[in-house]
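The values are calculated or read from the model by the stated rules, or taken from the named source; none is laboratory data. Note that the structure is a prediction, hence the values are computed from the model and not measured. Methodologically, a virtual Cβ is constructed for each residue, glycine included, from the backbone with ideal geometry; neighbour enumeration extends over all protein chains shown. Accessible surface areas use protein heavy atoms only, side chains included; no ligands, DNA or RNA. Shrake-Rupley method; radii C 1.70, N 1.55, O 1.52, S 1.80 Å.
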Amino acid sequence: MIEDAPRPVRAGEELDLGKLTAFLDTALGALGAVTVEQFPGGHSNLTYLVHHGEREYVLRRPPFGSKVKSAHDMGREVAVLSKLAPVYARAPRVIANEPTGDVLGAPFYLMERRRGVILRKDLPPELASDHARVRRVCEVLIDALVDLHAVDYTAAGLGDFGKPAGYIARQVSGWTERYTASQTEDLPAITELAAWLAAHQPADGAPALIHNDFKFDNVIFDPSLETITGVLDWEMATVGDPLMDLGTSLSYWAQASDPPAYHQLPFGPTARPGMMTRAEVAQRYLERSGRRTSDLVFYYAFGLLKTAVIAQQIYYRFAKGLTTDPRFGMFIFAVRLLGEQARLSIERGAI
């Protein structure tokens, strides 16, 4: 099993090594030469491997050119990880924080590196042929989400981290507003989806600490794939209805029966043989967590809206010339496909 490996830094996303070295020497109380590599992915916040002498750390910073401050809040990640790491072993420890943006032009923080395997679109050959093991990987992922939602967030010092009352209504209206603010063309499926969600909101469930971006490429497995050693990308974490978190995870879960065009989206390996269906994912989550709902279509459709809006915000940066990354130019197609997927789910009354 091959561990997730860093690569050379992408053009246009380089860090100022001189300023970073001075910061590290001071903040960490040790001198050392600095080299930087970059982890793959990074459509949102950017992630680098920093070598400082004999030590290594992971650095997180917002994307270059982004104007969506609330979507790239480094302080939020630092706050949740600092309190969560002692009580949720999969949360990496924060090593240093630079909140001003004076060093690298944007706030950033350093955390410990967690080594392991990140499953992206293609499964390792030795795993892909073992369908029972593939299913077990799904179970490990879902159980890690259940464990997160079981954390006593108040005892961990995160009681004031979010506003659980009215969470669902705020999420629906908030993501609808974000879509309007970043809209570049008329997509009826998205506007109809937003209206449907506004009209079909269930009551808020018992709150939990939620990740809001929990998926395969945001978790690190140990090489055996029997445990998750790290959960990454906490920029949208808050306290709210955990079923909304499940809905977001389901929105990333393509399955074999989805329309062929939907499989063009850059999801993880969820449609590979042996993987659970969305219904099976939801069933295991509900069984393990003890929660109950008859509104899975709502939570799934909300997840699709949120994912579509994130894609729209990324495309907006490209359309307005705030980034020239060619990957971002294709994101408008994702927005359309996600809207159509939600329409199908609502029409069928099933996830």
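What's the Kirkwood radius of the stretch 140-229 in Å, using all Cα pairs? Please list the in-between numbers first.
Working: mean 1/r = 0.0625 Å⁻¹.
One decimal place: 16.0 Å for the Kirkwood radius.
Amide H to amide H, which residues 5 or more places from residue 95 or on other chains are under 5 Å from it, using H placed in the peptide plane?
Under 5 Å from the amide H of residue 95: 110, 111, 112.
Treat every Asp and Glu Cβ in the chain as -1 and every Lys and Arg Cβ as +1, leave all other atoms uncharged, and give the resulting dipole magnitude about the Cα centre to the nearest 20 debye.
So the dipole magnitude of the chain works out to roughly 300 debye.
On a full-extension model of 0.36 nm per residue, what is the gain between residue 264 and residue 160, subtracting their alpha-carbon distance, rounded to one decimal in nm? Before the final figure, lay out each step's value.
Details: separation 104, 0.36 × 104 = 37.44 nm, distance 3.99 nm.
Between residue 264 and residue 160, full extension yields an extra 33.4 nm.
So what is the accessible area of the stretch 76-180 per residue, in Å², with the probe set to 1.4 Å? Walk me through the intermediate numbers first.
Working: 4700 Å² over 105 residues.
It amounts to 45 Å² per residue over the stretch 76-180.
Apply the a/c threshold of 1.5 to the C-alpha gyration tensor of the stretch 208-306 and tell me whether it is rounded, prolate or oblate.
Verdict is rounded for the stretch 208-306.
Cα axis of helix 167-182 to longest principal axis of the chain: angle in degrees, 0 to 90, nearest 10?
Result, in degrees: 70.
Using a 1.4 Å probe on the protein heavy atoms, what percent of the accessible area of the chain belongs to carbon and sulfur?
It is 54 percent, rounded to a whole number.
Note down the relative contact order for the chain as a percent, whole number, built from C-alpha pairs under 8 angstrom at least six residues apart.
On the way: 582 pairs, mean separation 61.8, N = 351.
Contact order relative to length: 18 percent.
Using unit Cβ charges (K, R positive; D, E negative) and no other charged atoms, how large, in debye to the nearest 20, is the dipole of the stretch 1-153 about its Cα centre? Before the final figure, lay out the partial values.
Numbers: 20 positive and 21 negative charges, 58 e Å.
Here the stretch 1-153 has a charge dipole of around 280 debye.
I'd like to know which of 48, 297, 85 lies farthest towards the positive end of the charge dipole of the chain, counting +1 on Cβ of Lys and Arg and -1 on Cβ of Asp and Glu.
Result: 297.
Quote to one decimal, in nm, the extra length available between residue 200 and residue 7 on full extension: 0.36 nm per residue of separation minus the C-alpha distance between them.
Extra length available between residue 200 and residue 7 comes to 65.0 nm.
Which label marks the calculated value of mean projected area of the Cα convex hull in nm², given the options (i) 17.1; (ii) 21.0; (iii) 18.3?
The listed entry that was calculated here is (i).
Computed FRET efficiency, Cβ-Cβ of residue 100 and residue 177, R0 35 Å: what is it to the nearest 0.05? Kindly include the intermediate steps, with their values, before the conclusion.
Working: r = 28 Å, r/R0 = 0.81.
The value I calculate is 0.80.
Counting heavy atoms of the protein chains only and a 1.4 Å probe, report the per residue accessible area for the stretch 282-351 as a whole number of Å².
For the stretch 282-351, the solvent-accessible area averages 45 Å² per residue.
With N set to the number of residues, divide the alpha-carbon radius of gyration of the stretch 250-351 by 2.2 N^0.38 Å and report two decimals. Intermediate results must be reported in sequence, preceding the final value.
Values: Rg = 15.0 Å, N = 102, 2.2 N^0.38 = 12.8 Å.
Against the compact-globule rule of thumb, the ratio is 1.18.
Suppose R0 equals 30 Å. What FRET efficiency, 1/(1 + (r/R0)^6) with r the Cβ-Cβ distance, do residue 229 and residue 22 give to the nearest 0.05?
E between residue 229 and residue 22, to the nearest 0.05, is 0.40.
So between residue 128 and residue 115, what do we pick up on full extension, going 0.36 nm a residue minus the alpha carbon distance? Could the numbers behind the result be given before it?
Values: separation 13, 0.36 × 13 = 4.68 nm, distance 2.15 nm.
Once the chain is fully extended between residue 128 and residue 115, it gains 2.5 nm.
Taking only protein heavy atoms and a 1.4 Å probe, what accessible area per residue, in Å², does the stretch 186-281 have with all protein chains in place? Provide the component values of the computation, followed by the final result.
Values: 3130 Å² over 96 residues.
That works out to 33 Å² for each residue.
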